[in-house]
Amino acid sequence: MTRNSAFQPQDFMTYLLNRAAEATSQAFQKSYKSKYGMLRTEWRVLFHLGCYGDLTAKDISLRADLHKTKISRAVAALEMRRFLSRRTRPEDRRHEVLTLTKLGQSAFHDLIGNAERYNEALMAPFSAQEQALLRRLLLSIAAEA
């Protein structure tokens, strides 16, 4: 096989970041998919409601940078499993406020424990300084993008 370009995907930062994100996300996905049958978007909606309290789908879309149709599907699935409930805002009936149910709160607390343990294991090979640097660099890249 001949090389058409000196450019290599493994040198392209977007490629590397995507590979790292996908690999770490896939590994963590096992914790919420196997026990709760959730998909990634459902976990992200549950995570936002658990961390920030009652939100609208639009709020979650802005915070999580997810398309509203994906959030809508995730909300419907979580509601069907009784992890969240919806109520219409009295002042604006076009918007629904999403709230975790007791079952949703329980799943959130269980999964946050898993997330904390996963994060610790993921970062364990790095020194405290390397962890801080990695976090700063990733936050900087995200802010600039």
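The values are calculated or read from the model by the stated rules, or taken from the named source; none is laboratory data. If you're wondering where the values come from, they're calculated on a predicted model, not measured in any experiment. A quick note on method: Cβ atoms are made from the backbone with ideal geometry, for glycine too, and the neighbour counts reach across all protein chains shown. Each accessible area value is taken on the protein alone, full model and side chains, heavy atoms only, with ligands, DNA and RNA left out. Shrake-Rupley method; radii C 1.70, N 1.55, O 1.52, S 1.80 Å.
If only residues of the range 45-69 that are under 20 Å from PHE28 (Cβ atoms), assigned to a helix (DSSP H, G or I) and modelled with pLDDT under 95 are counted, the one that is most open to solvent (accessible area, probe 1.4 Å) is ARG63. Exactly one of these conditions fails for ARG86: (1) under 21 Å from LEU139 (Cα atoms); (2) outside any helix (DSSP H, G or I); (3) not small (Gly, Ala, Ser). Give me its number. The one condition ARG86 does not meet is (1). With respect to the conditions (1) part of a helix (DSSP H, G or I); (2) within 18 Å of SER85 (Cβ to Cβ), ALA23 falls short on a single one, namely (2). Note on the range 104-125: residues that are open to solvent by 90 Å² or more (accessible area, probe 1.4 Å) and either over 19 Å from the mean Cα position of the chain (by Cα) or at positive phi (or both) amount to 1.
Among the residues of the range 91-103, those that are open to solvent by 40 Å² or more (accessible area, probe 1.4 Å) and either within 16 Å of the chain's Cα centre (by Cα) or at pLDDT 95 or above (or both) comprise LYS102, LEU103.
Among the conditions (1) loosely packed, with under 12 Cβ neighbours inside 10 Å; (2) within 16 Å of the chain's Cα centre (by Cα); (3) of a type in the set (A, V, I, L, M, F, W, C); (4) more than 20 Å from GLU22 (Cα to Cα), MET80 misses just one, which is (2).
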